[in-house]
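This report concerns only the one structure given below.
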Amino acid sequence: MRPSDEEINALLAEPYTFSFQSVRASLNKRSTLFKYTWITLMAITTLYLMGWFTGLIRPFMAAGASGLEADYQLHQIRFLLAFIMLAVGTVALNYDYWMRETLIVSAWVQFYFLVTGIARYARTMPDDSYQLLAAYAGNLVFILFLLLILIVEEHRLKQ
């Protein structure tokens, strides 16, 4: 029994792996608002990574203002969680698989960051640090807002 031409072509084809071409193709299937929101979220993340590794944001972190090592360790844990969320979100977008669910989980984790971060800031910061608290909350609310836009747009695409 001889395999068909279709079966031979399937065996000889390149295996489907992660590629940024697939991310681009997946973004092209979505709305313009989704695309620009995703790009904005990636740009914010890139700027944050640059600020983190160069040390520019250290004075603006809770550990920079409170001087507590526990605040710095919490920030490192949150940084790791956010990086994992970003990686999983990019892989989900690449394979166009479970994208809405991934965004919902990311939004809930971001909401957790917002609530616990504000509580931690309010408890450990000096009394005159409301500007830092407002800036911190504003940044997290903006990122949460971007995630909510992505969820709504993904839901709209699936309907």
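Taken together, the values in this text are just the output of simple stated rules run on the coordinates, not laboratory data. On a predicted model such as this, the values are computed, not experimentally measured, just so you know. Note that each Cβ is placed from the backbone with ideal geometry, even for glycine, and that neighbours are counted across all protein chains shown.
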What whole-number distance in Å separates the alpha-carbon centres of region 36-62 and region 118-155? 14
Could you list W38, W52 so that the one with the fewest beta carbons within 10 Å of its beta carbon is first and the one with the most is last? W52, W38
Between the Cα axis of helix 69-95 and the main Cα principal axis of the chain, the angle (0 to 90°, nearest 10) is 20
Just M85, M61, M99 to compare: in a GNM of the chain, with alpha carbon springs under 10 Å, which one fluctuates most? M61
Give me D for region 83-159 in µm² s⁻¹, whole number, from Stokes-Einstein with Rh from the Kirkwood sum over alpha-carbon pairs, 4 °C and 1.567 mPa s. 95
Scalar couplings 3J(HN,Hα) for region 138-150 by Karplus 6.51 cos²θ - 1.76 cosθ + 1.60 (θ = phi - 60°), nearest whole Hz, x for Gly and Pro, are x, 4, 5, 5, 4, 5, 4, 4, 4, 5, 5, 4, 4
In percent, what relative contact order does region 21-159 have, based on Cα pairs under 8 Å that are 6 or more apart in sequence? 37
Residues with beta-carbon under 11 Å from that of L150, excluding L150: net charge, scoring Lys, Arg +1 and Asp, Glu -1? +2
Using a Gaussian network for the chain with springs between C-alpha atoms less than 10 Å apart, which of these wobbles most: L49, L114, L86? L49
What ranking of S4, S26 emerges when the number of other C-beta atoms within 10 Å of each C-beta is taken as an exposure proxy, fewest first? S4, S26
Connecting C-alpha atoms closer than 10 Å in a GNM of the chain, tell me which of D71, D128, D96 has the biggest fluctuation. D128
Could you run the Karplus curve 6.51 cos²θ - 1.76 cosθ + 1.60 with θ = phi - 60° over region 109-118 and give me ³J(HN,Hα) per residue in whole Hz, x for Gly and Pro? 5, 5, 4, 4, 4, 5, 5, 6, x, 5
Residue order, fewest to most surrounding Cβ atoms within 10 angstrom, among T32, T90, T116, T37: T32, T116, T90, T37
